[in-house]
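Values in this text are rule-based calculations from the coordinates and carry no lab data. These figures come from a predicted structure and were not determined experimentally. Backbone-built Cβ (ideal geometry, glycine too); neighbour counts: all protein chains shown.
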Amino acid sequence: MFKKVLIANRGEIAVRIIRACRGLNIPTVAVYSTADREALHVRLADERVCIGPPTVADSYLNIPAIVSAALSFGADAVHPGYGFLSENGDFAEACQRSGLVFIGPRVRNIRLMGDKPRARRIMEKAGVPVLLGTSAGITDVREAQAVAAQVGFPVLLKAAAGGGGRGMRIAHAADELAAVFPVARDEAAAAFGNGALYVEKYLERARHIEFQIVADQHRNVLHFGERECSVQRRYQKILEESPSPALNKRLRDRMGTAAVKAAQAIGYTNVGTIEFLLDSQGHFYFIEMNTRIQVEHPVTEMVTGLDIVQAGIRAAAGDPLPWRQRDVVLAGHALECRIVAEDPTTLLPSPGTIRGYLTPGGLGVRVESGVAENSVIPVYYDSLVAKVITWGQTRDEAIRRMRVALAEYYIGGIKTNIALHQLILNDPDFLAGNIHTRYLDQFLHRTVPHDVRPVRGPVPLRA
Ligand code: MV4
């Protein structure tokens, strides 16, 4: 096992990784920018090192600074968390060249799955269903027109080097395709340094369902069931659950087997996620693979009872998986609400300092928080401050526990989306499990801002 792990991240996931390491008796080194001097992850780690100014390019994305911090503190492994450098092949390679274990898949798997049209091509060859579309990046609008004529409108333009929705544009007809192509290309070039796009048949009102994969370095690949991630806004998930209300055992087995086949096709190691779209007729299609731990991993941990972060650390150290597929038993139901610092009326980020902080508790309630009393939510980073995860024997019990937990959660000094979650948890469509990729946009459309009123909490004490 590793002697010391450097955590190349911040916020709740850095805290989560510190806890996982502590459970394995591995000391940790936190890195931080000058905006995060007093952050919770910095206070909880065994050692800490400043890697630069607030701007991400100079700190959390600064490969030389992070690698030299790891070396000078005597770490032998680096955990990238999610976002930042987690899917950066150059970072994984730089770690390896310096003799550091990158806690994640091999460099070539990161690069392969980062090339989205190439990933489609490989999955198609491996017999995993993909949507009609291109199998290589395109830069010419006429190529896109030709593919769209073949597969039929509507089509979705996606960034070849992208993922997660940036640079994505829908086109319902040839003239619209011509209009949005340069917009998508420029957005992709700005976000990923590569303007290449690919075309896919657009599946409307599908469900976004992903399978958790865990693989060791000894050819063992397991799936830990699915997460339903259809509740998204601007491709940012806000609420996830497991199991999906749309799957039965037979479909779960078929999709899980396809996910394992997808990972085996590339000789994948460590933790990862296979994203699928599921249509209303029960057909599923591979869309992309994420080669990192994900924000929403706790819902899978709650239904499997297995620690996915520790599993990834152990796999990176070369340990064989201690489970067979039949040992992975899915029990009950889990929900995750992402608590973000945002203004409920404008839906814009709401940075600031937390003044007054009380987290919920109780049976089946888990809080993954990156903040505490007096924590600063800087403007420079993601606005995710915490996640509330509840477990119940049924979906209804998990929802009831979530309502209780959210009502108890007090976060003073900043604005959050807690009230929005409370509204969703009382929406008849959500309660019936009638969710799809357009669900949240439609919900926000029919929910007027004055409905978004916090309903919660501990009664303040008199001064
Ligand atoms: C799609 C799709 C429909 N058709 N691809 C969004 C994030 C990225 N990882 C993949 N995503 C999607 N890809 C095809 N061919 C629908 C989504 C999607 C979505 C689209 C619009 C609004 C909300 C969405 C939520 C989840 C997935």
Fill in the blank from the handout: Residues whose built amide H sits under 5 Å from the amide H of Glu288, excluding neighbours closer than 5 in sequence, are Glu275
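What does DSSP give for segment 1-151 in terms of the percent of beta bridges that are antiparallel, rounded to the nearest 5? Don't jump to the answer; show the numbers that get you there.
Working: 0 of 13 bridges.
The answer is about 0 percent antiparallel.
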Fill in the blank from the handout: dims of segment 114-244, Cα set, principal axes, largest to smallest, nearest Å -> 46, 32, 29
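In terms of the Cα gyration tensor, with a ≥ b ≥ c the square roots of its eigenvalues, is segment 307-347 rounded because a/c is under 1.5, prolate because a/b exceeds b/c, or oblate?
oblate
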Problem - Karplus-derived HN-Hα couplings along segment 341-354 (A = 6.51, B = -1.76, C = 1.60, θ = phi - 60°), whole Hz, x at Gly and Pro - result: 7, 8, 6, x, 8, 8, 6, 9, x, 10, x, x, 10, 6
Handout entry: Peptides 326-332, 214-220 ordered by average Cβ neighbours within 10 Å, highest first
Key = 214-220, 326-332
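Classify segment 325-376 as rounded, prolate or oblate from the Cα gyration tensor: take a ≥ b ≥ c as the square roots of its eigenvalues, call it rounded if a/c is under 1.5, otherwise prolate when a/b beats b/c and oblate if not.
Values: a/c = 3.02, a/b = 2.00, b/c = 1.51.
Prolate is the answer for segment 325-376, as a/c is 1.5 or above and a/b outweighs b/c.
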Fill in the blank from the handout: Here segment 234-244 yields Karplus 3J(HN,Hα) values (6.51, -1.76, 1.60; θ = phi - 60°; whole Hz; Gly and Pro given as x) of 6, 6, 9, 5, 10, 9, 10, 8, 8, x, 6
Handout entry: Long-range amide H partners of Arg205 with built H, under 5 Å
Key = Thr437, Arg438
Problem - Cα Rg, Dmax, the chain, angstrom units - result: 21.6, 70
Problem - Alpha-carbon Rg/Rh ratio, for segment 139-196, with Rh computed the Kirkwood way - result: 0.95
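Need one number: convex hull volume per residue for segment 218-349, Cα atoms only, in Å³. List each step's numbers first, then the result.
Values: hull volume 16.8 nm³, N = 132.
Hull volume normalised by residue count: 128 Å³.
Of all DSSP beta bridges in the chain, what percent run antiparallel (nearest 5)?
Around 80 percent of the beta bridges assigned by DSSP in the chain are antiparallel ones.
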Problem - Label-point separation, Trp323 to Leu461 (7 Å along Cα→Cβ), nm - result: 4.2 nm
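Could you give the alpha-carbon Rg of segment 289-369 over 2.2 N^0.38 Å, rounded to two decimals? Show your work: numbers first, answer last.
Working: Rg = 17.0 Å, N = 81, 2.2 N^0.38 = 11.7 Å.
Taking the Cα Rg and dividing by 2.2 N^0.38 Å, one obtains 1.45.
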Fill in the blank from the handout: Sorted by chain and number, the residues with a modelled amide H under 5 Å from that of Arg48, at a separation of 5 or more or across chains, are Ala30
Handout entry: Rule-of-thumb Rg ratio for segment 341-463 [Cα; 2.2 N^0.38 Å; N residues]
Key = 1.09
Practice task
Output the Cα-based Rg and Dmax of segment 1-99 in Å, rounding Rg to one decimal and Dmax to a whole number.
Solution key: 12.0, 34
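Can you give the calculated 222 nm mean residue ellipticity of the chain, where each DSSP H run of n ≥ 4 adds -39,500 (n - 2.57) and the sum is split over every residue, rounded to the nearest 500 deg cm²/dmol? Please report the intermediate quantities before stating the final value.
Values: 15 runs with 152 residues, N = 463.
Mean residue ellipticity at 222 nm (helix-derived): -9500 deg cm²/dmol.
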Exercise for the section: Determine the distance separating the Cα centre of segment 392-431 from the Cα centre of segment 342-389; give it in Å without decimals. Expected result: 14 Å
Exercise for the section: Rounded to whole Hz and in sequence order, give me ³J(HN,Hα) for segment 131-142 from the Karplus expression 6.51 cos²θ - 1.76 cosθ + 1.60, θ = phi - 60°, writing x for Gly and Pro. Expected result: 6, 4, x, 8, 10, 8, x, 10, 10, 10, 4, 5
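Could you tell me what % of all Cα pairs in segment 368-436 have separations over 15 Å? Each step should come with its number before you reach the end.
Numbers: 1422 of 2346 pairs.
When all Cα pairs of segment 368-436 are counted, 61 percent exceed 15 Å.
If you average the sequence gap of Cα pairs under 8 Å that are 6 or more apart and divide by the length of the chain, what percent do you get for the contact order? Mind dumping the intermediate values first?
Values: 1012 pairs, mean separation 64.3, N = 463.
Here the relative contact order equals 14 percent.
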Exercise for the section: Send over the per residue convex hull volume for segment 58-172, Cα only, as a whole number of Å³. Expected result: 124 Å³
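Short version: what are the Cα gyration tensor semi-axes of segment 117-166, square root of 5 times each eigenvalue, largest first, in whole Å? Spell out each step's value before the answer.
Details: eigenvalues 64, 39, 21 Å².
Each semi-axis is the square root of five times an eigenvalue, giving 18, 14, 10 Å.
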